[in-house]
Amino acid sequence: MKTEIINRINALRVFLAQGNVQAVIIPQTDPHQSEYIAAHWEVRRFLSGFTGSAGTLVVTADKALLWTDSRYFIQAAAQLQDTGIELMKEGLPGTPDIIDYLIKVLPKGSRVGFDGWLFSVDSAARIAAQLEKHGLEAVTDFDPVDAIWPERPLLPQAPIFVHDIKYAGESASDKIAKILAKAKEEGADAVFISALDEIAWTLNIRSRDVKCNPVATAYLLLSPQGSTLLTDPAKVDDITRAYLNDNGVKVEPYATIADFLAALPADAKVLAQPDKTSHAAGKILGGRLVKAGSPVPMLKACKNDIQVSGTRAAMERDGVAMVRALMEIERGLKAGEKMTEITISDLLTDLRSKQDLYFDNSFDTIAGFRDHGAIVHYTATEATDVELQPDGLLLIDSGAQYLDGTTDITRTISLGNPTDLQRHDFTLVMKGHIALGSMIFPAGTTGHQLDAIARQFLWQEGLSYLHGTGHGVGHFLNVHEGPQSIRLNHVPTPLTPGMITSNEPGLYREGVHGIRCENLVLTVPAMTTEFGEFLRFETLTLCPFDRSLFDTSLMTDEEIAWVNAYHAEVRERLTPMLTADEAAWLAVATAPLRR
Ligand code: ZN
Ligand code: ZN
C-alpha cells in the first residue's frame with residue numbers, strides 16, 4: 001500500500017511537470033459540494049490512502065501534505081505513515097492554512113492547479129485573488145485524475161425513482177413554478193441547481209447514489225421554456241422518463257454539462273448560488289450568471305402537512321425499533337451475552353429495516369461505550385470496537401430514511417450502577433434539552449438566538465459542548481440540511497413553521513463519558529398576541545429517556561412534568577404497535593419520575 005501511494009503521488013508529479021504547474025490542491029468533495037460523496041470522487045483517498053471524511057491533499061514537486069481536522073489526527077497519522085505525505089493539523093497554532101503555506105514556499109510566478117469543478121464560484125475566486133496578490137497564478141482546469149487512476153470507479157449507476165406525491169405532498173411542476181417565481185424577483189429567468197438534495201426535492205426523485213443520502217448525481221436547469229435534468233441516461237427508466245416529461249423536464253447526459261451550459265442563449269439570466277455552484281460551471285455561464293441564494297433550501301426546509309404527518313408516522317415506527325433495541329440491550333446484558341458497539345449498530349439497522357417504508361440508514365450509527373461516547377464523531381471499527389459491560393454509559397446516535405420521513409435520535413443510557421457524576425451530567429444536558437424544547441419565541445427568531453437556552457445549565461458550572469445544538473433535517477433526504485440551525489454562530493434564517501430541526505445538547509468528558517440527548521422538533525405556531533406571532537416546538541421523536549439517569553433534586557417541578565408528559569405521549573403512541581412484553585417494558589421505562 002505504501003509504495004502504491006508513493007507511486008501515485010509520483011505519477012501526479014509527472015502531470016505537474018508537463019502542465020508547468022508547481023502545486024496541486026485536491027479536496028474531498030464532488031462537483032455538487034456534497035458532504036458525502038460517491039466512490040468516483042474519492043480522489044484524495046485514492047492518492048493519499050487517508051480515509052477520513054474531511055481533508056485536503058496538496059502536492060508540489062518535492063512535497064506532499066494533507067490537511068485535516070482534530071477528529072482525524074490519530075487516524076491520519078497512522079494512515080500516512082511511510083507514504084512521504086506530511087500531516088498538517090488544521091486548527092493548531094503554527095499550522096498555516098493551505099494558501100498561506102503555498103504563498104510561503106512557492107517562488108513568485110508559480111502556478112497552482114486545481115479542478116474547477118470541485119471548488120465553488122466563491123472559494124475559487126477567494127483562492128485566485130489570494131494567490132494573485134502574492135504573485136502566484138491559479139490554474140483552475142488542472143485535472144489529470146482519470147489518467148493516473150485507471151480503475152477509477154464509474155459515476156454512480158443506481159436507478160432514479162419517483163418519490164410518490166402521497167409522501168412528497170406537492171408536485172414537481174408546482175415546485176418548479178414557485179422556484180421560477182422567486183428567481184424572477186432576483187432578475188433571473190432560469191435557475192441552475194447543482195446541490196443534489198435540492199434537485200431531489202424539486203423533482204420528487206430519489207436514488208441510491210450516495211450512502212445514507214437518497215440523492216441522484218445530476219444537475220438541473222429550470223426554465224419557463226422547459227427544464228433539463230443532466231444525469232446518466234442509464235439511470236432513467238421509461239416510467240421515470242415519462243414522469244419527468246409530464247413535469248416539463250427532459251433528460252440530457254451528465255457528461256455534457258459543459259456543452260449544455262455553453263449552449264444557453266447569450267442573453268439568458270441564470271440564477272445560481274455561488275457557494276453551491278462550481279467555479280467551472282460559473283465560468284461557462286459567464287455573463288449569464290445571476291449570483292443569488294437558491295430559493296430551494298427555504299422552500300425545502302418548510303415541510304408541508306403531508307410531509308409532517310408522514311414524519312410523525314415514521315417517528316412511531318422508528319420509536320418501535322428503538323424500544324426493541326433498548327430492550328434487547330438490557331436482555332442481552334442480563335443474559336451475559338457478548339455485545340459490542342458494532343453489534344449494537346447492526347441490531348439497530350436490523351430492527352429498523354423490518355419497519356414499513358424503510359429505505360436506508362440516514363447516517364452511520366454512533367454507538368460509543370464509556371469514553372468512546374466522548375469522541376463526538378465516533379464510529380466503531382474492528383480496531384476500536386469494545387464489548388459492553390453492565391456498568392457505564394452507552395451513547396447511541398442513529399437514524400433512518402423512510403419513504404415518509406427521515407429520523408435522527410440520540411439516547412444515552414446507563415448499562416448499570418449510574419454514578420453521581422453520570423446522573424449530574426445527564427440531568428444538566430436534559431435540563432437544556434427541555435428548556436429549548438419548551439421555548440416560546442416570536443416569529444423571526446433565529447437558531448443562534450436560542451442556542452444559549454440549551455447551554456445555560458452547563459455554562460452555569462463552567463461546562464459546554466463544542467458542536468451545534470440543532471441542524472435541519474430533510475424529508476426522506478439528507479439528515480443534515482439548511483438553511484436553519486441552532487448554534488452559537490450567527491445564522492440568518494429564522495425558525496419558521498414547518499421546519500424540522502434537531503434538539504441535541506450534550507456534554508463530553510474526555511476519557512470518561514459522553515452524553516447527548518437528541519429529539520427532532522417541528523416549529524409550529526404557538527399564539528398571536530398584540531405583540532405579534534409566537535412560535536414553539538412540537539417534539540416529533542418518540543422514545544423514552546433513561547429514567548435511572550435523572551437526578552430529580554436538580555430539576556424543577558416543571559422539568560419533571562415535561563419528562564412525564566413526554567413519556568406519557570411516547571407510551572400512548574407506541575403501545576398499540578408493540579407486543580404485550582414490549583408494552584410492559586415501555587410502561588416501566590415511561591413511569592412518572594418522582595422526587
Ligand atoms: Zn443524531
Ligand atoms: Zn442530529
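List of remarks:
- Of the residues making up the stretch 226-243, those that are closer than 18 Å to ALA190 by Cα and either buried (at least 21 other Cβ atoms within 10 Å of the Cβ) or in contact with a helix residue (DSSP H, G or I) (Cβ under 9 Å, 6 or more places away or on another chain) (or both) are SER227, THR228, LEU229, LEU230.
- Scanning the stretch 517-551 for residues that are aliphatic (A, V, I, L, M), more than 16 Å from ligand 1 (Cβ to nearest atom) and not in a strand (DSSP E or B) gives a single hit, LEU549.
- Scanning the stretch 444-467 for residues that are of a type in the set (Gly, Ala, Ser), farther than 16 Å from PHE537 by Cβ and either open to solvent by less than 30 Å² (accessible area, probe 1.4 Å) or in contact with a Leu (Cβ under 7 Å, 6 or more places away or on another chain) (or both) turns up just one, SER464.
- Selection status of ARG324, in contact with a helix residue (DSSP H, G or I) (Cβ under 7 Å, 6 or more places away or on another chain) and more than 16 Å from ligand 1 (Cβ to nearest atom): yes
- Yes/no for THR412 being within 27 Å of THR556 (Cβ to Cβ), open to solvent by less than 10 Å² (accessible area, probe 1.4 Å) and within 16 Å of ligand 2 (Cβ to nearest atom): yes
- With respect to the stated conditions, TYR508 is open to solvent by 20 Å² or more (accessible area, probe 1.4 Å) and either over 30 Å from ASP305 (Cβ atoms) or more than 16 Å from ligand 1 (Cβ to nearest atom) (or both).
- Here ASP30, ASP82 are screened, and the one residue that is surrounded by fewer than 22 Cβ atoms within 10 Å (Cβ to Cβ), part of a loop (DSSP other than H, G, I, E, B) and of a type in the set (D, E, K, R) is ASP82.
- Lone unmet requirement of (1) modelled with pLDDT of 95 or more; (2) within 28 Å of the chain's Cα centre (by Cα); (3) of a type in the set (A, V, I, L, M, F, W, C) for VAL210: (1)
- Spans of helices (runs of 4 or more DSSP H) in the stretch 144-209 with at least 1 residues over 21 Å from LEU403 (Cβ atoms), among the small types (Gly, Ala, Ser) and open to solvent by 30 Å² or more (accessible area, probe 1.4 Å): 145-148, 172-185
- Cβ pairs under 6 Å, 6+ apart, first in the stretch 476-503 and aliphatic (A, V, I, L, M), second within 14 Å of ligand 2 (Cβ to nearest atom) and open to solvent by 10 Å² or more (accessible area, probe 1.4 Å): VAL479/PHE363; VAL491/SER485
- Selected residue [within 13 Å of ligand 1 (Cβ to nearest atom) and either in contact with a helix residue (DSSP H, G or I) (Cβ under 6 Å, 6 or more places away or on another chain) or among the acidic types (Asp, Glu) (or both)] from GLY468, GLY514: GLY514
The values are calculated or read from the model by the stated rules, or taken from the named source; none is laboratory data. These numbers come from a predicted model, not from an experiment. Because the Cβ atoms are built from the backbone with ideal geometry, glycine has one as well, and the counts that use them run over all protein chains shown. In case anyone asks, the SASA skips ligands and DNA or RNA and just uses the protein heavy atoms, side chains included. Shrake-Rupley method; radii C 1.70, N 1.55, O 1.52, S 1.80 Å.
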